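Reading through the structure tokens given below for one structure.
The values are calculated or read from the model by the stated rules, or taken from the named source; none is laboratory data. The model shown is predicted, which means the values in this text are computed figures rather than measured ones. Methodologically, a virtual Cβ is constructed for each residue, glycine included, from the backbone with ideal geometry; neighbour enumeration extends over all protein chains shown. In case anyone asks, the SASA skips ligands and DNA or RNA and just uses the protein heavy atoms, side chains included. Shrake-Rupley method; radii C 1.70, N 1.55, O 1.52, S 1.80 Å.
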Amino acid sequence: MKLHGLALMAITWLAPAVGAYASGQQESERTPDLKCEVGPLNRSYGETDWLIYACDDSRSIVVVSDKGNPALPFFFILYVKPDGTMTLYGEGDGDKATTAAAFEDLKRLTREDVMALVREARDVR
């Protein structure tokens, strides 16, 4: 199944992705099950188009490569822990330069930026 097709359905994340990029993740760390289906918002990271879905924990997001994005198929998860610390990682088979550029932009997001994206995604109709 293509990742973009997955983005059109409920995105359920069961455990930390073992992916190309990771920031702030301990191997032994387990993340709760998340359903990320609210949205999507259209945003640009690394000068390419991405879809943002809010997760049911009301503080985390999934960022999925949009149609025409050379990173397709690829997704990032930006998980905000209950204590406010954040973990960013991604997985997929898309263009590595494109995903690296997006990763650099995404890792600059603050907790407040992520919360704003969650609120905006809830307003998408």
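Entry remark, the stretch 73-96: residues being free of Cβ contacts under 8 Å to residues at least 40 places away in the same chain and either assigned to a helix (DSSP H, G or I) or within 15 Å of Ala54 (Cβ to Cβ) (or both) number 2 in total.
When you look at Arg59, is it touching a strand residue (DSSP E or B) at 6+ places or on another chain (Cβ under 7 Å), among the charged types (D, E, K, R) and assigned to a loop (DSSP other than H, G, I, E, B), yes or no? Full working, then the answer.
Numbers: touching a strand residue (DSSP E or B) at 6+ places or on another chain (Cβ under 7 Å): yes; among the charged types (D, E, K, R): yes; assigned to a loop (DSSP other than H, G, I, E, B): yes.
Considered against the rule, which asks whether it is touching a strand residue (DSSP E or B) at 6+ places or on another chain (Cβ under 7 Å), among the charged types (D, E, K, R) and assigned to a loop (DSSP other than H, G, I, E, B), Arg59 comes out as yes.
With respect to the conditions (1) in contact with a Gly (Cβ under 6 Å, 6 or more places away or on another chain); (2) open to solvent by 30 Å² or more (accessible area, probe 1.4 Å), Asp95 falls short on a single one, namely (1).
Does Trp50 satisfy the criteria of being at pLDDT below 90 and either in contact with a helix residue (DSSP H, G or I) (Cβ under 7 Å, 6 or more places away or on another chain) or aromatic (Phe, Trp, Tyr) (or both)?
Details: at pLDDT below 90: no; either in contact with a helix residue (DSSP H, G or I) (Cβ under 7 Å, 6 or more places away or on another chain) or aromatic (Phe, Trp, Tyr) (or both): yes.
It is false that Trp50 is at pLDDT below 90 and either in contact with a helix residue (DSSP H, G or I) (Cβ under 7 Å, 6 or more places away or on another chain) or aromatic (Phe, Trp, Tyr) (or both).
Scanning the stretch 79-87 finds no residues that are among the small types (Gly, Ala, Ser) and surrounded by 12 or more Cβ atoms within 10 Å (Cβ to Cβ).
Among the residues making up the stretch 97-125, a single one is closer than 20 Å to Pro70 by Cβ and assigned to a loop (DSSP other than H, G, I, E, B): Lys107.
The residue of the stretch 44-56 that is most open to solvent (accessible area, probe 1.4 Å), among those that are in contact (Cβ under 8 Å) with a residue 24 or more places away in the chain and out of contact with any Cys (no Cβ under 9 Å at 6 or more places or on another chain), is Glu47.
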